[in-house]
Every structure is written in structure tokens, then in C-alpha cells.
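Before any comments, here is the structure.
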Amino acid sequence: MKFFFIYILVYALHFNVAFALIQVDITRGNLDPLPIAVSPLHVDPASEQIEGIKVKNLGEDISKVIENNFRSTGLFNPLKKDAFVQKPDIAHLKPRFEDWRLIKAQALITGKLLVKDGKLKVEFRLWDLTASKELAALAFTTTPANWRRISHIISDKIYERLTGETGYFDTRIIYVSETGPKSQRIKKLAIVDQDGQNTKYLTLGNELVLTPRFNPTNQMVTYLSYFRNLPRVYLLDIETGKQEVVGNFPGMTFAPRFSPDGKKIIMSFAKDGNSDIFTMDLQTRVVEKITEHSSIDTSPSYSPDGKYICFNSDRSGLQQIYVMNSDGSGVKRITFGNGIYGTPVWSPRGDLIAFTKVRKGKFYIGVMRADGTGERLLTENFYQEAPSWSPNGRLLVFYRETKSGPKGEGFSAKLWSIDITGYNEREIKTETDASDPSWSSLLSK
Amino acid sequence: MEFKTNLKNILLVILATIVLSACSTAKKAGSGSGDVYTGTDTVEYLASGVADRVFFATNKTSLTTKSRETLRKQATYLRKNKKLNVTIEGHADERGTREFNLALGERRANAAKDYLMTYGISGKRISVISYGKERPANSDSSSLAWSQNRRSVTVKVK
């Protein structure tokens, strides 16, 4: 389970800070994506053979991962490689800008790689074709098995250079893998790269598991497990595989999340028909009661500065979203629209809260400002819920279920992502059906 | 001891009757949501004539007149079978968010448990578990299926 920790050396060849002519505006839906050419990386012929990896194809494979990342943003349009006019090694040295401009590319990515002494060295350059100059160049050294992560890290660097925003490609999504009939689903915790590759299963499916969430360093997961038919919040160390129950509550605990500093878990505890919100300090084991109300209080989520908590309560009669101070004081209702509201999640930027809204039998994923104003519904469907933010606060991942027939036929659960502009809705293809996604933070910061 | 327990039970029954009559007046005042399932499909039986489950309205956890009748039969059955312990499973339909549904299921199961207790069944004999929307009795995506899934089910502990 060591896949979270890799050894990467970064050399800044140079990062051109001069004013770039190409600049992608990501604050609006982009209907005119930027044409970009991702040249296959040149594979140094001196490269060694490595078992399990086709080194000969690695340059092509890395460029495909990068291309796919850029296509998935909806902001870029990676051009077809058969129109490319220069060989990878020559383009990487110095592109003939006018030739690349002929195929209407505005940005070009070139690179080369070498496998030597069991290490993979990758170098890339980003070129502004309009201004005929280099924008960025970086080199990485790592183990060859990490070539996908390198591809994502390169994608992040380019994305950051062209949009001015932090990237989100070197990230993973933890989710619940689902198989079997609708009435007896088998559920396992699974982790997948943000692009749907590299699936790893963390539990065997012997007991029902729900709602996994990463801690800020992505090494721990908190989730709900029905181990021994006692639904409790658990903590899982991904590296060691060690699991433990969180706290000693005489009843069901559920809806867990980490505090932004990773020191506490906030969750609901249900007893005698009443659910309240509690925190537990993972080090001191001190348990604190945050809400005390005869209503259902659940789905708590901290603001990124840890000062506030948004949560879901039916204290007004139906499910609505509330915000309070982190000690439980100053509870304020923030949703007043038609319909019911659930699953509030605070954006990593702090400005927005994403939510699920149910109205007239339809389910919506939406965002609003943290005071409840400026509600925008991004997508409508038969059933969808549980949004989770990309670490840069630009996208949401959520799950969607389809309507089923009398025997449960036609039922499916899939992960989807959408830009907070409401554009670029797309399925994240997983090996099995999937639900309850939670996006990691950037793996390499 | 035996006598004492019995006395306690009788007191509880009297108490329950008072609570009940108060409830039934409230009911008339109009808490009646129209989508509580009243049929017998999917229902199983703890014993002859003793249904294992009761149904709820959308987003509601209150017991209907019919539910109370079912639970009174369960209480009678449990009083006769003193060694029997039960688990009450609370469920929700698929038209709500997962976490809220877990809370809703827990509240529904406890509504049934509380009612059994007012009929003299010790809380020690009843455990409660919520499955939220995880274990539908009917897998269809229809109003009928959803009404059959909004339920609490009393299950014998073996």
C-alpha cells in the first residue's frame, strides 16, 4: 500500500515568469477550448529495459495521459497527433513555431525521457506558439512504475502555467465500489486515480461500507462500516491497512469527516431516535458534543479555516442547511429555497458550499455562497448526491443512480464530475458501479 | 420480583393508553400523509397474525394507527415469548441523501421500539439498527416500492 509515497526529484530547468500571451480563463464555461499539441515524449535510445513497462512506448503513453487530462477539463482541445509536423526529439530542442501554428496549435508540450540505473528521468517543455517562446521547463526523476504520476504532475504544472490556477490531476478519488443486486449490494472501499485509472480495493466486501473521506494528507480514511452489524465510524490507515473504531459510542456513528487540520473527526451519533453532531480528537480521544437538538443533525463539514461547520438538519421540519461556529454556537439556517437540502460540503477555497437539493422529485447538485446566497444549480437528474470538491475548488465529483425496474434491473451507480460553471459534465469511468466519492488533496504539493 | 415487574408492566400499559389517546386526537387533527403503504406484499410474519413490519410516510417517523395495531400485536407476542429478543431494523426509501436516510432509519426503528416499550417490553430485549436506503425490500423505482421500503422491521434474534 505504498502507492502514496513516491520519490520524485524535481529540477527546475527554468520557469519563465515573463508575461504569457496565452491565458485560459477558467471562470466561465469555455466554449472555445484552447488548441494544444502534446508531442509524444522522445525516448532516449540509451534507455534500459524494465520488466512490466514498455519503455519504447513510454513517451507515447505519458503524452496520452497528459492529453486525456487536458481534454477532460473542457478548457483545452488536444490536437490529433497525425497532423504533427516535427519529430519529438527535434521539437523538444527547438520547435519550428510557424509549422506548429499551421495546424492551429497555440501551445505545445514536448519532452524526453531516459530510463537508466532503474530510474526514470522525464523532462518537459511548454511552448507558447503565438509568442514563439518557451513558457516552462521541468525535469523529474522517479521510479519507472510512477510514470502515470509523473504524467499527472506534468499536467498540473502546465495547467497552472496556462490558467493561473492550481492543478488537480495528481489526485485520487476514494469511493465505494458496488456490485450485486440492488437489494443486497456488495460494497468495498476503492481508490482510483482522478482519470479513472489504477484502481485499488481497500476492503473485501464482507461488510457494508459507506461514505469514505480522506484526511488532509491522504494517508487516512474515515468511513462507516457495518462490521459485526454495528454501524460505526472507522479510521483506516491506507499504508498499513490498520483499522479502528472511532470512539466508544453506544450506538450508530455515521457521516464522518476530518477537520481541516486532520486532528479531529466530526460525525453524527444516533441514539434513541436522535442524531447529534460530535467531534473526537484523534490524539487525546476527547469527545465533544457540538449540537444538541431533538432533530436529525448530520452531514457536518468544516470550513477550510476550521472556524465554522455547515451541516444538515430537519429542525425546521424538513432537511435544510445550517452553519454554526465550530464549538456549536451561533447556529444559522442558510437555505430557504423551495425543496429540501442535504450533504453540504465547504469548498477548499472557503467561498462556496456545494449541496444536494431535492425538489419535485428531481435531484440537483448545486453551489451557493457560504451565507446561502447566490444559489446555482449545476445539474438535474433522477437521483444524484454527495458532491466532493476537487482540491482547487473548480470541480465537483458526485454519484448518480439510475431508475430501476421491478426486479432492480437497469439500476446503476456511477461517478460524475462537473465544473462549477455548470459546464463539462462527464462520467469518471470505474471498474464497477461506484458511489460516495471523495476527492483527495494534491498528492505532491 | 415477578410481581413487581408485572406491576410495572401494567403501569406502563396504562401510561401507554393515555399517550395513545393523546396521539390519536393529534392524528385526527391531520398528520395523515397519504403515502404510507397499507398492503401486505413484502410483509413477513413473526407468528400467525403478527406482522413483522410497519410503514412510514415520506420523511416521517410517526406511527400510523395501523402501525400501532401491528406493534401491539408484536408486544403481545413478545410478552408471551419472554426469552425472545428482537432487532428492529429501520429503513428509508431511495429518494433521500444517504447520510440523512441513516438517521431517518434510526429514528423509525426507535419509534417502533419506544412503542413496544410502552406495552411493557423491556428495552433490553430490543436492539435497533438503521440501514438507511441500503437494503430495499422492493428494488423498483416506483412510488409503491418506495412506500414498501419506508419501514421498520422487527426481526427475531437467534
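Values computed for the structure shown
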| item | result |
| --- | --- |
| Net charge contributed by nearby residues that have their C-beta within less than 10 Å of A:Arg315 (K/R +1, D/E -1) | -1 |
| Relative intensity, log₁₀ I(q)/I(0), of the protein assembly as shown from a Debye sum that treats every alpha carbon as a point, q = 0.10 Å⁻¹ | -0.89 |
| Given charges at Cβ of Lys, Arg, Asp, Glu: the protein assembly as shown dipole, positive-most of B:Gly105, A:Met267, A:Phe311 | B:Gly105 |
| Helix A:147-163 axis, angle to chain A major axis (alpha carbon atoms, nearest 10°) | 90 degrees |
| Around A:Gln219: net Lys/Arg minus Asp/Glu count, Cβ-Cβ under 9 Å | -2 |
| In region B:39-118, GluC sites (Glu not before Pro) in a DSSP loop with at most 15 other beta-carbon atoms within 10 Å | B:Glu44 |
| Rounded Å value of the spacing that divides the Cα centres of region A:316-358 and region A:197-214 | 27 Å |
| Degrees separating the helix A:55-73 axis from the principal Cα axis of chain A, which is the longest one | 50 degrees |
| Estimated vicinal HN-Hα couplings, Hz - region A:353-365 in sequence order (Karplus 6.51, -1.76, 1.60; Gly, Pro = x) | 10, 8, 7, 10, 10, 10, 8, 6, x, 10, 10, 10, 9 |
| Long pairs among A:Lys112/A:Lys200; A:Lys362/B:Lys66; A:Lys357/A:Lys414; A:Lys242/A:Lys414; A:Lys263/B:Lys133; A:Lys263/A:Lys357, criterion Cα-Cα beyond 20 Å | A:Lys112/A:Lys200; A:Lys362/B:Lys66; A:Lys242/A:Lys414; A:Lys263/B:Lys133; A:Lys263/A:Lys357 |
| Cα-only radius of gyration and Dmax that characterise region A:172-439, units Å | 17.4, 50 |
| Anisotropy class of region A:9-163 from Cα gyration tensor, a/c 1.5 cut | prolate |
| Value of Rg/Rh across region A:170-310 [Cα atoms, Kirkwood radius] | 0.97 |
| Mean residue ellipticity (222 nm) of chain A, computed from DSSP H runs ≥ 4 via -39,500 (n - 2.57), nearest 500 | -3500 deg cm²/dmol |
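Just so you know, all these numbers are worked out from the coordinates, no wet-lab data involved. Because the structure is predicted, anything quoted here is derived from the model rather than measured. Ideal geometry is used to build each Cβ from the backbone, glycine not excepted, and the neighbour counts take in all protein chains shown.
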